[in-house]
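In what follows, a single structure is set out as structure tokens and then discussed.
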Amino acid sequence: METTTIREAKTFVDEVAAEPGGEKINECIQCGVCSGSCPTVEWWEYPPRKIIAMIRAGKRDKVLSSTSAFNCVTCYLCTVRCPRGIKPSQLIHAVEAIAEREGYKPKTPTLTLHRGLRDSMKRGRIWELSVAMRFYFKTSLLEGLRMMPVAWDLISRGLMPVFPPKKVKGSQEVTAIMKAVTSMQKSGGVK
Amino acid sequence: MRQYTYFPGCAMESTGKPIQTSLDSVTKVLDIELKELEDWTCCGCPGESINELAATAIATRNLALAEKTHLDMVVPCSCCYRNLLAAHVTYTQDPRIREQVKKALGVVNIEYKGTLRIRNLVDVFINDIGLDVIASKVQKKLTGLKIANYYGCHQSRPYGPDDFEFPVWQDQIVESLGGESVFFPLKAQCCGGTQLFSNKDMIYKLLYNILDNVELHGGQCISSTLCPLCFTNLDANQGRIKNRDGKKFTMPVMALTQLMGIAFGLKPKEVGLDKNISPALKALEPYLKVTV
């Protein structure tokens, strides 16, 4: 059994609490409404309630290397139901953010997808086809081929443009804002 | 004529084209003018899962631009709506995040005061236009059509203003068009969003649940929220999901505004119905001829 010292436990819970969305973690009463509400909970190795318990017990590596948090589809059912107003969906995103930033490698292609989506914002407007292609090249070409019938239905109707959307003036501003955010996050203090 | 600032969102220029077409036509009938926000960019939603601060900052840039128009901003895409509204709420209520966002936006000399009102289109239909006006525009009553209204998550969660778990506004609109709205418990269940790419089995299960639930409660078609993500997930993936009888689903899926357009007597092309992948046009064919 993995044991953690009180100091380690305190450090991890504070770390999550410092992340946007993690602020209220200490107010959780472990009622389990979040896990019970979650439409994808059967795919989670550790359901949301358990993740909160594990964070408070300092199980840092176990939480951050698990694929669990990446199954969150951000539907907010837990958030509107939580009797303590914790916003579990945002708390789960905080876990995802720490895992991504620190280079943990949970075995799920969703992390690659999230990274691709985040980086695609830099060009100002999203170009779906390029996000999809990049994703399948990085994860599984076979999966990409399997999705071809759906993609073709969309492409043939002009619903998935093969050319990138026009660059708007704001694109440069978005790139600059993202750069500023990243450098603030890197310099520590602000997350 | 009512005027609004309009934030289409990236997907309205691709998978959401049929919705955009119908929305243009229907707003014209209802005397609504949507003025597209100049120089809008991605709402920030795609970055939310792993970098909430970046998502908030990029959203706030759009809010700051829209604020200068002094009009309410209408957002049809649920994901954009939720992320922009979330940014507004965080920015105005959380001083810690506000300072960081201010700093990031300072780099490009943009400042948000926090006065913008962000609304979804269904809210506008119900509260600004009104059901009586919508009913008065109907030329082809959708009598006898059993319509299941699918809301998805973000149109009413987590900020409302419709009910969080069992929203009703789309049902009310559909009934004012003469259709029969069918209750099904999963009306605001998640469609799976972008994880369709990375977690296909899980998302197909979610989509199966919704489609199966509609069939079970006797829905003949789905009138979907105006979110291009929900609409496309339901519309384009049915050929890959099997129903209880082991056959592929063939549930007609259309956006709410497409349905409204047909009831207002518009032609299928004017509401983008030629672009739906599911047999939506076929389901509405009987209503193309009848007039009230």
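The values are calculated or read from the model by the stated rules, or taken from the named source; none is laboratory data. This structure is a prediction, so every number in the text was calculated from the model and none was measured. Cβ atoms come from the backbone with ideal geometry, glycine included; neighbour counts cover every protein chain shown.
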Item to check | Hits in the range A:155-175 (condition: within 9 Å of another protein chain (Cβ to nearest Cβ), of a type in the set (A, V, I, L, M) and not in a helix (DSSP H, G or I)) | outcome: A:L159, A:M160, A:V168
Checklist entry - How many residues does the range B:270-292 hold that are in contact with a Ser or Thr (Cβ under 9 Å, 6 or more places away or on another chain) and either without any contact (Cβ under 8 Å) to a residue 40 or more places away in the chain or assigned to a strand (DSSP E or B) (or both)? => result 1
Next on the checklist: Out of A:V16, A:V80, I need the residue that is in contact (Cβ under 8 Å) with a residue 12 or more places away in the chain, surrounded by 17 or more Cβ atoms within 10 Å (Cβ to Cβ) and in a helix (DSSP H, G or I). Which one?
Outcome noted: A:V16
Checklist entry - Here are some conditions: (1) more than 12 Å from every other protein chain (Cβ to nearest Cβ); (2) more than 18 Å from the chain's Cα centre (by Cα); (3) buried (at least 21 other Cβ atoms within 10 Å of the Cβ). B:E180 meets all but one. Which one does it not meet? => result (3)
Checklist entry - Within the range A:132-139, can one find any residue that is crowded, with 19+ Cβ neighbours inside 10 Å, in a helix (DSSP H, G or I) and among the hydroxyl-bearing types (S, T, Y)? => result yes
Checklist entry - Is there a residue being touching a helix residue (DSSP H, G or I) at 6+ places or on another chain (Cβ under 8 Å), assigned by TED's automatic domain parsing to the domain that holds B:T115, over 21 Å from B:G272 (Cβ atoms) and not in a helix (DSSP H, G or I) anywhere in the range B:51-66? => result yes
Next on the checklist: So B:C191 passes all but one of these: (1) in a strand (DSSP E or B); (2) surrounded by 22 or more Cβ atoms within 10 Å (Cβ to Cβ); (3) without any contact (Cβ under 8 Å) to a residue 60 or more places away in the chain. Which condition number does it fail?
Outcome noted: (1)
Checklist entry - Here are some residues: B:I50, B:I58. Which one is surrounded by 20 or more Cβ atoms within 10 Å (Cβ to Cβ), touching an Asp or Glu at 6+ places or on another chain (Cβ under 7 Å) and within 21 Å of A:E128 (Cα to Cα)? => result B:I50
Item to check | Among (1) assigned to a loop (DSSP other than H, G, I, E, B); (2) out of contact with any Ser or Thr (no Cβ under 8 Å at 6 or more places or on another chain); (3) within 25 Å of A:G22 (Cα to Cα); (4) not β-branched (V, I, T), the one test that B:H70 misses | outcome: (3)
Next on the checklist: Return the pair list, or none, for Cβ contacts closer than 9 Å from residues in the range B:209-222 that are at positive phi to residues that are hydrophobic (A, V, I, L, M, F, W, C), at least 6 apart or on different chains.
Outcome noted: B:G218/B:A148; B:G218/B:V182; B:G218/B:F184
Next on the checklist: Based on this model, can you work out whether A:M121 counts as out of contact with any His (no Cβ under 9 Å at 6 or more places or on another chain), assigned to a loop (DSSP other than H, G, I, E, B) and either more than 7 Å from every other protein chain (Cβ to nearest Cβ) or under 30 Å from B:G272 (Cα atoms) (or both)?
Outcome noted: no
Item to check | Residue list for the range A:78-101, filter: of a type outside the set (V, I, T) and over 14 Å from A:E27 (Cα atoms) | outcome: A:C78, A:R81, A:S89, A:Q90, A:H93, A:A94, A:E96, A:A97, A:A99, A:E100, A:R101
Checklist outcome for this item: When (1) within 14 Å of chain A (Cβ to nearest Cβ); (2) more than 17 Å from B:L226 (Cα to Cα); (3) free of Cβ contacts under 8 Å to residues at least 24 places away in the same chain are applied to B:S136, the one that fails is (1)
Item to check | Set A:M184, A:M178: member being buried (at least 21 other Cβ atoms within 10 Å of the Cβ) and within 7 Å of another protein chain (Cβ to nearest Cβ) | outcome: A:M178
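Residues in the range B:44-54 that are under 19 Å from B:K102 (Cβ atoms) and more than 8 Å from chain A (Cβ to nearest Cβ): how many?
Matching residues across the range B:44-54 total 0.
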Checklist outcome for this item: The lone condition B:K103 fails out of (1) within 11 Å of another protein chain (Cβ to nearest Cβ); (2) touching a residue at least 12 places away in the same chain (Cβ under 8 Å); (3) part of a helix (DSSP H, G or I); (4) not hydroxyl-bearing (S, T, Y) is (2)
Checklist entry - In the range B:236-249, how many residues are modelled with pLDDT of 90 or more and either away from chain A (no Cβ under 14 Å) or in a helix (DSSP H, G or I) (or both)? => result 2
Checklist entry - If you take the residues of the range B:1-21 that are in contact with a strand residue (DSSP E or B) (Cβ under 6 Å, 6 or more places away or on another chain) and of a type outside the set (A, V, I, L, M, F, W, C), which of them is farthest from the other protein chains (Cβ to nearest Cβ)? => result B:R2
Checklist entry - Exactly one of (1) more than 8 Å from chain B (Cβ to nearest Cβ); (2) assigned to a loop (DSSP other than H, G, I, E, B); (3) free of Cβ contacts under 8 Å to residues at least 40 places away in the same chain; (4) not polar (S, T, N, Q) is unmet by A:W152. Its number? => result (2)
